[in-house]
Amino acid sequence: MSLSVDLFDFPLPPELIAQHPARERCASRLLHVDGPHLADLRFTDLPGLLAPGDLLVFNDTRVIKARFFGQKDSGGQVEVLLERIVDERHALAQVRASKSPKAGTRITLENAFSLLCSGRQGEFFALKLEGEGNLWDLAEQYGRLPLPPYIEHGVEAEDEARYQTVYARHPGAVAAPTAGLHFDEAMLERLSGQGVRRAALTLHVGAGTFQPVRVEKIDEHKMHSERFHVPEETAAAIAATRERGGRVVAVGTTSLRTLESAACGNGLVRAGSGETDIFITPGYRFQVVDRLITNFHLPRSTLLMLVSAFAGLDPIRAAYAHAVAEKYRFFSYGDAMLLEREDKS
């Protein structure tokens, strides 16, 4: 029986949506959820919850400057949010305009360069660069950081630094893997010093991560697709963790979705690159991830469904009600959770 999206709704006072990051990266709160047991902690308490031999898996994608403003040849104003730079001359994007561009429409962005619309690919517009240059360089030079839609201020200096993890390496995301925003270099060194291992993978987060589920029954929702890569050394690190009896701890839902997409049995993953549109909902049997570090997610979102699958629907509903009552900070710049997997077998 398909679950209703209403099960994943909750009342959220607008003042709990964090508009700015905490003063320091690891200064946020941490809610530890282990079934019905809730513990109000600080993120600096995380090392005490991990053991030597555990493996933290981070998503090392880097957010690109993906938002642009411009106009069509007709003079109509447009806003373009790149979903994916396909190659140096082609991209998929969301385009906001009074009238959607048709195939053949020229769009000039930031009075600097032009793109031709070649039609639709699903919910996105296919765009091709005209003239010289490449889209990676043009995005870095003329683009704007794509802050989430619920952050109400324009991009500020602190956003340029703080809406990016300290370990970001591979450009391609248009939204940050926000669970990783809590880690600073001192925290990473402290964890390494106590024998907690680290591994990295890459999933380029798309803007679809902010899209609400618009169907009543969640199994009718079509998930957006994202690119991922699991290095050989990460697959080997997970195998070594299994052998020594450690736990695989995903830092963020993007790391979890990648690991579960690459699962190949016995708690292991297959190295390589691919696309994933995995949609994890209650009833899913987790194959790789033992614990999850994550932020608080939007009502009626696929990510709230994912954490409900991981920690249990009732524990998550109780945890979110507790977080609202205790005035935790929500979403990208908000506080964190450490979730224990409901099915630990």
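List of remarks:
- Candidates ARG247, ARG227: the one that is touching a residue at least 60 places away in the same chain (Cβ under 8 Å), over 24 Å from LEU50 (Cα atoms) and of a type in the set (D, E, K, R) is ARG227.
- GLN94 being in the same structural domain as HIS297 (by TED's automatic domain parsing), surrounded by 15 or more Cβ atoms within 10 Å (Cβ to Cβ) and in contact with a strand residue (DSSP E or B) (Cβ under 6 Å, 6 or more places away or on another chain): no
- Residue count, region 273-296 (criterion: touching a strand residue (DSSP E or B) at 6+ places or on another chain (Cβ under 8 Å) and within 22 Å of ALA336 (Cβ to Cβ)): 9
- Candidate set from region 318-345 (those that are out of contact with any strand residue (DSSP E or B) (no Cβ under 8 Å at 6 or more places or on another chain) and not in a loop (DSSP other than H, G, I, E, B)); member that is surrounded by the fewest Cβ atoms within 10 Å (Cβ to Cβ): ALA325
- From the list ARG23, ARG29, the one residue that fits, being basic (Lys, Arg), in the same structural domain as GLY193 (by TED's automatic domain parsing) and surrounded by fewer than 16 Cβ atoms within 10 Å (Cβ to Cβ), is ARG23.
- Condition check for ASP54: modelled with pLDDT of 95 or more and surrounded by 20 or more Cβ atoms within 10 Å (Cβ to Cβ): yes
- Options THR276, THR294, THR253; residue that is surrounded by fewer than 19 Cβ atoms within 10 Å (Cβ to Cβ), under 16 Å from the mean Cα position of the chain (by Cα) and hydroxyl-bearing (Ser, Thr, Tyr): THR276
- Among the residues examined, ARG42 qualifies as surrounded by fewer than 16 Cβ atoms within 10 Å (Cβ to Cβ), assigned by TED's automatic domain parsing to the domain that holds THR253 and either within 23 Å of PHE125 (Cα to Cα) or in contact with a Ser or Thr (Cβ under 9 Å, 6 or more places away or on another chain) (or both).
- Odd one out for GLU140 among (1) surrounded by fewer than 18 Cβ atoms within 10 Å (Cβ to Cβ); (2) in a loop (DSSP other than H, G, I, E, B); (3) of a type outside the set (S, T, N, Q): (2)
- Subset tally (residues that are under 25 Å from GLY154 (Cα atoms), touching a residue at least 40 places away in the same chain (Cβ under 8 Å) and of a type in the set (Val, Ile, Thr)) for region 48-107: 5
- Residue count for region 297-317, restricted to those that are polar (S, T, N, Q), part of a loop (DSSP other than H, G, I, E, B) and surrounded by 21 or more Cβ atoms within 10 Å (Cβ to Cβ): 0
The values are calculated or read from the model by the stated rules, or taken from the named source; none is laboratory data. Note that the structure is a prediction, hence the values are computed from the model and not measured. Backbone-built Cβ (ideal geometry, glycine too); neighbour counts: all protein chains shown.
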